[in-house]
Each structure stands twice: as C-alpha cells, then as structure tokens.
Amino acid sequence: MSGVLGTSVKRVDGRLKVTGAARYAAEFPLADMAYGALIESTIAKGRATHIDVQAAQDAPGVLGIITHHDAPKLHSVRMFPFGPAGQTLVPLQDTVIHYAGQHLGIVIADTPERAIHAASLVRVHYREETPLTTLKDELARGTTPPELPPTFNHIFGGSGRGNLAEGLAQAEVTIDQTYSTPSNHHNPMEPAATIAVWDGDQLTLYDSTQWIFGVRNTIATMLGLPQENVRVISPFVGGGFGCKCFTWDHVVLAALAARRVGKPVKLVLSREQMYTSVGYRPETVQHVTLGATRDGLLTAIAHEGISQTSEFAEYITPVGVLTGMMYACPNLITKHRMMPVNAGTPTQMRAPGEAPGMFALESAMDELAYALDIDPVELRLRNYANADPQSGRPWSSKALAECYRVGAERFGWEKRNASPRSMRDGDELVGWGMATAAYPVYLSPAAAIAKLFANGDALVQSGTHEIGTGTYTVMTQISADALGLPLEKVRFELGDTNLPKTPVTGAARTVGSVGAAVQAAASALRSQLIQMALADTASPLYGYSEEQIAVEDGYLSLAQDPSRREAYTDILARHGLEVVEAYREVLPQDANETDRERVFSGVNALRGPVTSKFAMYSFGAHFVEVRVDPRSGRVRIARFVGAFDAGRILNPQSARSQLVGGIVFGVGMALMEETLTDPHLGRIVTANLADYHVPVQADIPEIETLFVGAPDFHANPLGTKSVGELGIVGAAAAIANAVYHATGRRIRDLPITLDKLL
Ligand code: MOS
C-alpha cells in the first residue's frame with residue numbers, strides 16, 4: 001500500500017483536540033457528580049495523633065469525609081518492577097506518616113470549591129519526628145546506603161565483566177569523578193484526575209493514566225474485587241512522562257469516596273499535589289571511573305549510582321542501565337544503591353535510568369577526550385561496540401556511527417576549536433558539545449481487533465493510550481496500510497479496558513508492541529476477506545490465490561489484471577454480513593505464556609533487550625551550541641542538532657515531535673529543572689511552576705532532527721525501534737559539555753544554574 005506508512009500524516013485527533021472535543025478524564029459529564037479534596041500530611045515523619053474533622057463536617061455542601069478512622073481495609077499491591085502500584089504504601093490504614101503530602105483522608109462535597117474549602121478546615125494533630133530529607137543531606141551526614149543483593153541489582157541493569165582492577169592498572173589516563181542530578185518532577189499539562197462511578201459492585205474509573213490495565217488490576221486488588229468488576233476508561237491523556245505509568249493513591253481514594261456518598265466522585269489533583277502524589281525522578285549521586293590508554297581505548301569503566309527512595313518502598317533509578325552496552329571496554333562494573341528518606345516513592349520519569357546515567361557517563365567521556373586531547377566524536381568511534389559488549393549478542397541494528405557522522409556534518413563540528421573559551425561571538429562565550437543517545441527497545445505482548453463493516457468503514461480497537469505522542473494517528477496509519485483502505489475509512493479506538501489488552505504506554509514500547517498487534521489483526525482481516533472472495537464463485541477473483549491479489553482503496557484486484565476487481569463492500573453484501581472481524585495477539589519473539597498472562601492481567605510489561613537474542617536499542621547523537629554571558633553566567637541554547645537511528649519511522653512528523661520533546665526535556669534537565677526540599681521540614685518548596693522552572697518557547701532554539709538507519713525487522717514486524725524517550729538521553733551531557741567548552745567550567749551537578757558558573 002503506497003504512502004500511508006512513513007508519511008507525516010496529520011494527527012487524526014488534531015481537530016478534536018483543538019476544538020476541545022477530546023475528552024480527558026476530568027471532562028466526562030456525569031449526572032449528580034460530587035467532588036473530592038485530599039487531606040494531606042504537612043509533616044514528613046511521625047504520627048497523626050488526632051484528625052479533627054468537625055469543622056469540615058459542618059461546612060456547607062460536605063457529603064462525607066473518610067480518614068483512617070473509618071476507611072475500609074485495603075489490600076496492598078506490588079510496585080515496579082513486579083506490579084502496577086505506584087508505591088507499596090496503602091492509604092488510610094494507620095496513622096504513621098512517612099512523607100509530607102501523604103494522603104490522610106478525602107473530603108467529599110457538592111462542588112470542588114466546597115470540597116477544597118472543607119479539606120482546609122481539617123485539623124491534624126501530629127507527633128513529629130525528625131525526618132531524613134534528601135539523599136545529599138544523608139550522604140553529607142555520613143549515612144552509607146547498604147549494598148544491594150546482586151540479583152536485585154541485576155534486575156535494574158547492574159552488570160559487570162572482565163576485571164576492573166586490571167583494567168585500571170592498564171590505564172594510562174584515568175577520569176574519576178562524581179556527578180549528581182537533582183530530584184525532578186514530571187509536570188504534565190493535565191494533572192492526575194479520576195472520576196469514580198459505582199453501579200452496584202461494578203466500578204467505572206475515568207482516569208488519566210498510561211496503563212488502564214494496571215489501574216484495573218491495582219484497584220480491583222486493593223478493593224478485593226474481581227478484575228471484571230472494574231472498568232477503566234482513558235481516551236486522552238494530557239501528558240504523563242512516567243507519572244501516570246503506575247497507579248497512585250488518589251485513584252483508590254476516589255473509588256472509596258464514590259462508594260461512601262453513592263454518587264460519582266471527581267478528584268483532580270492540584271499542581272502542588274502533583275509534586276507529592278504521583279512520584280518523581282529521584283536525586284542521584286553517581287561515581288564514574290574511566291581508564292584508557294593514551295590512544296583512547298577504554299580499559300575500565302565503573303559506574304556506581306545512589307538514588308533516593310522512600311522509607312517504605314524500594315525504587316531504584318538504574319543510572320548504569322546503558323553503561324554496560326555503550327562502549328567496547330573489556331572491564332566494567334555498574335551498580336546501584338538506594339538511600340531511603342522521608343519522601344514519597346520515586347517513579348519512572350523521562351528515560352528513568354538512562355537520562356541521569358548518561359549525563360554522568362557522557363560527561364566523563366568528554367572529560368576523557370580533553371585529558372587525551374582526542375576529539376570527543378573520535379574518542380567514541382575508537383571505542384565503538386560492534387556487538388553488545390556485555391552479552392556478546394549481535395545488535396538488532398545499530399547506525400550510531402552514522403548518527404555521529406551525519407549529526408557532526410550537519411552541525412559543522414569540524415570547525416570546532418577544541419580549546420575551552422576559544423570561541424566567542426562579541427561578548428558571548430560560544431561552546432560546542434556533543435553526547436551519545438541510546439534507549440532500549442522494550443516489547444510486550446499486545447492484542448487488537450479489526451472490523452470491517454458493510455459500508456466499507458473499518459474500526460480497529462486496542463486498549464492502549466494516547467498520551468500526546470500520536471497513538472491514534474500511527475495506529476490508523478498501520479491499520480489503513482494493512483487493510484488497503486484510505487485513512488478516512490479507518491477509525492481507531494483505544495483507552496478502555498473492555499478493548500483488547502495491551503501493556504503500559506511507557507518505556508517507548510507502544511508502536512513496536514501495540515502497533516505489531518494492530519498490524520497483525522488488520523492483516524488477518526484483509527486475508528479473511530480475500531479468502532472469502534477467492535472461494536466465492538460469484539466473485540471476479542474466484543479461484544485465484546491470495547498472493548495474486550492486491551488491495552487498494554478498499555478494492556481487491558488481480559495484480560496482473562487490475563480490471564478484475566471488486567470492493568470489500570461487495571463481498572460483505574453478497575454474504576449478507578454486517579461486519580467481518582479478526583482478533584490477534586502478538587507476543588515478542590522471546591515471550592512466553594507467563595509474560596502474556598502478566599501483561600494481560602495488568603501485572604507487568606517489561607520485555608526487551610534483556611531477554612531477546614538480539615541486543616535491541618535505538619541510538620542517537622546530540623550536537624549543541626551554547627552561548628554563555630560571562631558576566632551573568634546565563635546559558636542560552638543557540639542551536640541543537642540530533643541525529644537518530646530509531647529503525648523505521650512510520651510518521652516522521654510525530655516521531656520528530658517526540659524527539660524534540662525529549663530534547664526540550666534535556667534542556668530543562670541541564671539548565672533549569674530542580675525540585676528543592678526544605679532540609680529541616682522535608683517539604684518540597686518548589687511545588688509550583690513559578691519556582692520549578694521548565695523550558696518555555698523562548699528557551700528553545702530551532703532544533704534539527706535527522707533520521708538515519710534502516711528498518712529493523714529483528715526488533716519487530718514493523719521495523720520500528722524506540723522513539724519516545726530517546727531524545728532526552730544524553731541531551732543534558734551534550735549541553736554540559738558545551739558549557740565546559742564555552743567557559744572551561746566543568747559542571748558535574750545539575751542543573752547548570754548561573755551561580756555555578758560565576
Ligand atoms: Mo516513560 S518514563 O516509561 O512514561
């Protein structure tokens with residue numbers, strides 16, 4: 001089929017979005033709605049000795065209040081990597097306080113304003129203890145996080161090979177540095193929101209989530225209901241970036257509230273609550289040691305990371321997850337540890353281990369390039385890995401050398417004078433930096449159903465998600481291509497647990513996993529329709545074989561004689577059928593029945609480079625120019641070029657949008673984004689978009705993205721690799737490296753704010 005795949009098809013849901021007709025979780029109009037507002041802890045550690053709800057109870061419009069006094073018993077649910085809950089702490093089961101912002105109850109009223117007002121009247125009495133506040137504070141105090149058991153560490157990408165001590169002994173040049181990244185928050189435009197509605201013991205949740213089946217499993221388990229009793233609907237999500245991958249407390253609180261008052265209850269988190277209720281990227285401190293020969297061959301890499309977690313749950317940000325696969329170095333160790341503090345549990349955010357980890361590794365590589373006086377691109381090429389250096393497996397595909405070459409050429413890298421502070425424009429210092437990007441190809445089992453109706457329209461359905469990345473559009477393209485129909489004849493539906501099962505829309509897996517299922521179902525339907533024609537004596541195609549038939553524009557025709565043809569609609573009409581349909585499940589090549597069961601029941605979703613016979617990754621190279629004002633320390637991004645190998649690109653426009661989004665996240669990570677916690681109170685002091693800076697239009701120059709590489713059919717039948725989280729990986733390092741080139745100042749602690757450059 002010509003022209004549908006690989007084309008910048010405009011968003012099929014664009015009109016719905018710009019006209020406001022696209023319905024997000026909080027926008028479902030239900031009759032007789034009530035509204036929830038959360039009661040939260042203002043202290044970070046201790047006990048709630050008494051919760052005085054009298055004044056709230058008496059406030060106008062209040063319909064009910066739930067606290068630990070009268071909350072039902074809830075079951076706990078496992079969290080990542082084994083389960084779908086955001087954290088293991090189940091709300092309202094006791095009076096122990098683990099972090100500021102912990103949910104202590106919910107007030108339900110007849111309007112949102114009255115609910116929020118009443119919640120403000122609740123008086124919580126505490127017995128306060130001194131909290132452990134942040135990773136860096138704890139390290140400064142001399143607390144040493146324990147070593148993790150190797151098996152646990154391995155799950156999170158801890159690895160090793162060769163003999164590190166020997167590798168370091170062989171080294172003629174060594175880099176040995178500590179890098180750190182702050183806590184960051186996702187800040188999607190749409191806050192978390194849930195509407196819960198009960199009909200007898202059937203619960204429907206309209207929820208803003210990246211994983212409807214995970215929400216269903218979590219809430220059913222917590223409430224002790226069979227999964228069939230819970231339906232989750234989520235047709236549009238206004239950004240997630242990881243904070244909507246798992247199910248957080250507020251969803252079950254909305255369900256409890258709706259049951260309590262016997263009405264639908266809507267609960268929308270405030271911007272401030274988004275800082276304490278749905279996870280965050282935890283602070284990391286990373287130690288990187290590189291050893292190399294004089295001619296730039298790596299002899300040793302050690303990458304050890306410590307990240308912050310809550311005091312009740314073990315969440316690791318695996319900063320070394322890409323370190324083992326990146327360079328052909330024989331001796332290596334990567335490992336991770338966790339520091340528990342009084343904060344909520346961290347979660348996935350924008351390439352969770354890869355982004356902070358590659359800031360450290362790719363900064364260290366730049367330091368090594370300077371120590372050796374070798375161009376940073378050349379240093380990376382000298383250590384280029386032609387197979388996965390950790391496992392020895394072949395790459396499914398790898399065009400990273402092409403990314404370096406094409407990116408450097410477009411950027412004009414050969415004109416760079418390598419000396420720090422050597423390039424100026426008027427008063428401004430000019431810096432050019434680069435770094436590598438990579439992201440694993442994760443694949444999960446997924447299912448889809450394709451239907452063709454008597455009028456010639458197709459409907460393809462799969463319970464996946466539209467988080468702003470273009471799922472509706474690309475799935476419509478895949479369906480139209482497989483069915484031989486024009487785009488306008490195909491409608492794609494998603495975001496409902498009544499639809500075929502899919503994994504979390506996270507870790508950049510949707511096109512490879514769900515797209516493969518959509519393609520399989522649509523191809524099966526097309527095949528079925530062709531077979532009906534071939535077997536039908538009334539068809540002009542009677543008696544031919546399937547390979548001889550082409551389908552285009554809804555017409556089946558004989559390839560060697562296109563005048564012999566008929567429409568899909570003729571076939572359905574002759575058979576008196578209203579609809580023909582085909583359902584397919586696709587499992588990644590190495591997945592088994594247990595994997596299918598785990599994904600389809602909303603337990604977990606991870607498959608990928610860990611288990612496949614190929615090492616599967618997307619790759620890229622970032623090149624950036626910064627301008628630094630030497631008097632104020634202000635850094636501006638002047639130019640950005642990213643060259644990427646993400647396999648086959650099905651929609652260049654939406655793929656580019658995701659990569660640009662990733663690079664913008666990288667600019668935020670490098671220069672602005674930082675969640676600050678009061679070291680005494682353990683409360684976040686930047687819980688708003690005035691104090692927590694994200695890049696705005698004026699911070700972002702023209703970003704050029706280039707696609708290199710070829711379709712990767714080892715990765716999946718569509719030939720795609722991962723796109724969504726690739727753009728951020730390495731972007732912050734490229735910027736930090738450019739800042740060093742401009743100023744001679746090596747900033748190893750993000751974000752690179754003015755004070756660090758003065
Ligand atoms: Mo992504 S951090 O898996 O939404």
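Here are a few things to note about the model shown:
- Residue selected from region 334-352 under the condition more than 10 Å from the ligand (Cβ to nearest atom) and part of a loop (DSSP other than H, G, I, E, B), by the criterion surrounded by the most Cβ atoms within 10 Å (Cβ to Cβ): Ala343
- Search result, residues across region 353-368 that are among the charged types (D, E, K, R) and within 16 Å of the ligand (Cβ to nearest atom): Glu354
- Pairs with Cβ under 7 Å, 6+ apart, first in region 228-253 and at pLDDT 95 or above, second within 16 Å of the ligand (Cβ to nearest atom) and in a strand (DSSP E or B): Val232/Asp207; Ser234/Asp207; Phe246/Met79; Phe246/Ala85; Thr247/Ala85; Val251/Asp207
- Test: residue in region 301-311 that is surrounded by fewer than 24 Cβ atoms within 10 Å (Cβ to Cβ), modelled with pLDDT of 95 or more, over 29 Å from Pro91 (Cβ atoms) and over 17 Å from the mean Cα position of the chain (by Cα): yes
- The condition (being free of Cβ contacts under 8 Å to residues at least 40 places away in the same chain and on the phi > 0 side of the Ramachandran plot) is satisfied by just one residue among Gly456, Gly392: Gly392.
- Residue match in region 411-420 (condition: modelled with pLDDT of 95 or more and under 28 Å from the mean Cα position of the chain (by Cα)): no
- Among the candidates Ala638, Ala643, the residue that is within 30 Å of Asp712 (Cα to Cα), among the aliphatic types (A, V, I, L, M) and in a strand (DSSP E or B) is uniquely Ala643.
- Region 734-758, residues that are touching a residue at least 24 places away in the same chain (Cβ under 8 Å) and basic (Lys, Arg): Arg746, Arg748, Lys756
- Any hit, region 303-323, residues being more than 16 Å from the ligand (Cβ to nearest atom), in a helix (DSSP H, G or I) and in contact (Cβ under 8 Å) with a residue 24 or more places away in the chain: yes
- In the set Phe640, Phe614, only one residue is modelled with pLDDT of 95 or more and within 20 Å of Ala438 (Cα to Cα); that residue is Phe640.
- Any hit, region 590-601, residues being without any contact (Cβ under 8 Å) to a residue 60 or more places away in the chain, under 30 Å from Gln658 (Cα atoms) and under 26 Å from the mean Cα position of the chain (by Cα): yes
- Selection within region 703-758 - charged (D, E, K, R) and not in a helix (DSSP H, G or I): Glu704, Asp712, Lys721, Glu725, Arg745, Arg746, Arg748, Asp749
- Enumeration of residues in region 481-515 that are buried (at least 24 other Cβ atoms within 10 Å of the Cβ), outside any loop (DSSP other than H, G, I, E, B) and touching a strand residue (DSSP E or B) at 6+ places or on another chain (Cβ under 6 Å): Leu483, Val490, Phe492, Val511, Gly512, Ser513, Val514
- Within region 375-407, being crowded, with 19+ Cβ neighbours inside 10 Å and more than 20 Å from Ala300 (Cβ to Cβ) holds for Val377, Trp395, Ser396, Ser397, Lys398, Ala399, Leu400, Cys403, Tyr404, Val406, Gly407.
- Scan of region 405-433 for residues that are part of a loop (DSSP other than H, G, I, E, B) and among the basic types (Lys, Arg), ordered by number: Arg416, Arg421
- When Gly83, Gly101 are screened for being at positive phi and surrounded by 17 or more Cβ atoms within 10 Å (Cβ to Cβ), only Gly101 passes.
- Filter result for Asp201 (out of contact with any strand residue (DSSP E or B) (no Cβ under 8 Å at 6 or more places or on another chain), in contact (Cβ under 8 Å) with a residue 12 or more places away in the chain, outside the structural domain of Ile306 (by TED's automatic domain parsing) and not polar (S, T, N, Q)): yes
- Identity of the residue in region 139-167, aliphatic (A, V, I, L, M), in the same structural domain as Gly357 (by TED's automatic domain parsing) and surrounded by fewer than 18 Cβ atoms within 10 Å (Cβ to Cβ), that ends up modelled with the lowest pLDDT: Ile155
- Only one entry of Gly661, Gly744 meets the criterion of being within 16 Å of the ligand (Cβ to nearest atom) and surrounded by fewer than 23 Cβ atoms within 10 Å (Cβ to Cβ), and that entry is Gly661.
- Boolean, Ala437 is in the same structural domain as Leu361 (by TED's automatic domain parsing), at pLDDT 95 or above and either away from the ligand (no atom under 16 Å from the Cβ) or outside any loop (DSSP other than H, G, I, E, B) (or both): yes
- For the residues Ala643, Ala710, the requirement of being among the small types (Gly, Ala, Ser) and surrounded by fewer than 19 Cβ atoms within 10 Å (Cβ to Cβ) singles out Ala710.
The values are calculated or read from the model by the stated rules, or taken from the named source; none is laboratory data. This one's a predicted model, so the numbers in the text were calculated from it and none came from an experiment. Glycine gets a Cβ as well: all are built from the backbone with ideal geometry, and neighbour counts include every protein chain shown.
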